[in-house]
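Structure first, then comments.
None of the figures in this text is laboratory data; all of them are computed from the coordinates on show. Worth saying up front: this structure is predicted, and the values here are computed from it rather than measured. A quick note on method: Cβ atoms are made from the backbone with ideal geometry, for glycine too, and the neighbour counts reach across all protein chains shown.
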Amino acid sequence: MLFFLKRKTPKMMMKIPSFLHSFPPRRSFFYFCFFLILPLLLLLLLFVAPSSSSQDNKNNNNNKVTVSIYYESLCPYCGDFIVNHLVKIFQTGLINILNLRLVPWGNASIAPDGTFLCQHGNDECFLNTIEACAVTVYPNVVEHFRFVHCIENLILEGRQNQWINCFQLTGLGKLPMDCYKNGNGRNIEQKFAKETTQLNPPHRFVPWVVVNNQPLQEDYLNFVSYICEAYKGKSKPDSCRSLSTRTYDMMNNEKSNNNSFQKPVCYVGHVKNLTLPLLNNAQNTKQ
């Protein structure tokens, strides 16, 4: 036990930096503590900074604006809105403040026997389900929007029978086809049907755009203005700052004035038999 009483040799003692020897003992102790604590404080700041940054990200997520698009695949006005207007939220970076939801059901209904009845025929029911499956199996909004955009663009160009090529064009796998075949797509569509029928006020046409539970109705083409008004984050995106300032009163006045004439939309109850020929192998998947 005597080794506990051994006097520490110089080798065992902590060496004081040579430049501190020129200071008095008390000052030496002060500077020694200063040079020891300063690096620790710097390290602490490095760990604290990311946490504040993550808190900012959390706040931004909490301030995201929810935008729901109720549409149907073969309505040409829905296709035009998705391809030529909604796509701009990705091009301008506005998607970063959004929770974008695509709900492909539209003006469809369910017959007493459980059959889906779509405004533009059976092919629309099929493509609605394919797009619903894509939204579900590819939850990343950039991925599933790219796929939906591809299909709607082909429809606008009159090349709807080439829709199946969108799997290759977008670089996505064919999981939506599996979703359709195993019946999961039908379950997803039933969920979308229930959500659409429970809209308040009820939708009167498609595309039907809702921003933070506010239906834009006839003023849906001004959706960016509503998004920017609804966003409560610390800093507005550049695409919002570039817009001319418009109040909700101004937008509501425009909406009232626009009710006097029909918009380019597909109205509820206007049934059109626009069933389009799809690829034979795509038709076989529905059997």
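Between residue 85 and residue 37, what FRET efficiency follows from the Cβ-Cβ distance if R0 is 35 Å, with the result rounded to 0.05? Approximately 0.05, to the nearest 0.05. Full extension of the chain between residue 241 and residue 92 yields a length gain of 52.5 nm, computed as 0.36 nm times the residue separation minus the alpha carbon distance.
As a calculated quantity, the FRET efficiency between residue 270 and residue 63 at R0 = 51 Å, using C-beta atoms, amounts to about 0.85. Across region 166-245, the relative contact order, built from alpha-carbon pairs under 8 Å that are at least six residues apart, equals 13 percent.
Packing here is the average count of other Cβ atoms within 10 Å per residue, and on that basis the peptides 65-74, 185-194, highest first, run 65-74, 185-194.
Altogether, the Stokes-Einstein calculation at 10 °C and 1.306 mPa s, with the Kirkwood radius of region 120-229 over Cα pairs as Rh, returns a diffusion coefficient of 103 µm²/s. Simple spin-label estimate for residue 221 and residue 113 gives 4.2 nm between the two label positions (7 Å along the Cα-to-Cβ direction from each Cα).
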